[in-house]
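A.B. asks: Before we start, here is the structure in question, set down as structure tokens.
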């Protein structure tokens, strides 16, 4: 009988070569248990890997395959959007508390004299926190509805804060701000957030690799969507006969884009379902592996939370639009810069944080999926919905006739998305170049 360091032979059982820290189960036989493995009661475990979980009663569990980090230490697999402890980034209660406090603060600064800049800053922070909270509840709904419906749920609900802001801004007649916000949301994800993710991931892990085919598919679909969006702008810039019918042409483009989205749903559902079926129990992670993992948010709680957060986002969006004009005058910035940079970054807070965190954990494939799916949803869903709904909102109709600089920015963002992911690799230098590109583009809009 050769017991390893720290191993506990089970009561009444035989232990042969138990590894460090292994616990032989009561009445079981354990042979060659690996580091940290817990043999189940009455079971037999052979050659369990590092960090393997406890076996069930009377069974012989399949050892989890260890994932080795850059230092060579074994650790359990980490799923997308979770940390090493199986938790989503950030505490739900902390996020809810921060969003609630910021929303109350935004209401106070809206109705009490607070200057021209403070209401804008507080409501912007509140809008960003509410966007992150909406993303959390959308994830909870996706988990309950199944992997196949995740893309549909995210596309329908993931951009609610931007939708509410755009509605109130259109009612206020701020068409230029809305157009800049929509373009800026695409630009921020494809250039800024992707650049930060590449930079952080490259500095920590060197060259990162990801499935190039999936990334190219998203990038090419984004390019095609942007090409459709660009047609009304081109007719206006070239003064063709269609330029006198830019509203009708914008409606046609919006209907086509929604049609493309509907056609893309079945293939998206198939890819997600196939990806879920191909996961092993170890790769499924705590959220999917059953009762041993983290507790999922109850479906009813996710519905109530999403409804409450959406209502709060609608209120804060109204306050944010009200504070936008005075703040622009006080800060001497243009409406285009406010929409392209400030509003766009606040509305995409969840992708900004989660995408970079995933890249920092060397999960480049998940990071790309989170970062690139958001601008694709904006181009295929959010923009067409706003164009079609704008006549019903009460303000001027939203068209797709963008200014030349906004058009170039939109096209450039889509092309960059394809080029940087085409080889299936990312480096910190590519990330630094993307960040630099975003800074220059943002500076170009400072004056209007």
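Rule-based calculations on the coordinates, nothing more; no lab input. Owing to the predicted nature of the structure, the values given are computational and were not obtained by experimental measurement. All Cβ positions, glycine included, derive from the backbone under ideal geometry; neighbour counts span all protein chains shown.
A.B. asks: Between residue 447 and residue 393, what FRET efficiency follows from the Cβ-Cβ distance if R0 is 35 Å, with the result rounded to 0.05? Write down the numbers at each step before the final one.
C.D. replies: Numbers: r = 29 Å, r/R0 = 0.83.
Approximately 0.75, to the nearest 0.05.
A.B. asks: What does the highest-first list of 203-212, 430-439 look like by mean Cβ count within 10 Å?
C.D. replies: Values: 203-212: 15.2, 430-439: 18.0.
In descending order of packing, they fall as 430-439, 203-212.
A.B. asks: FRET efficiency for residue 307 and residue 415, Cβ-Cβ distance as r, R0 = 41 Å, nearest 0.05?
C.D. replies: Values: r = 39 Å, r/R0 = 0.95.
Computed FRET efficiency for residue 307 and residue 415: 0.60.
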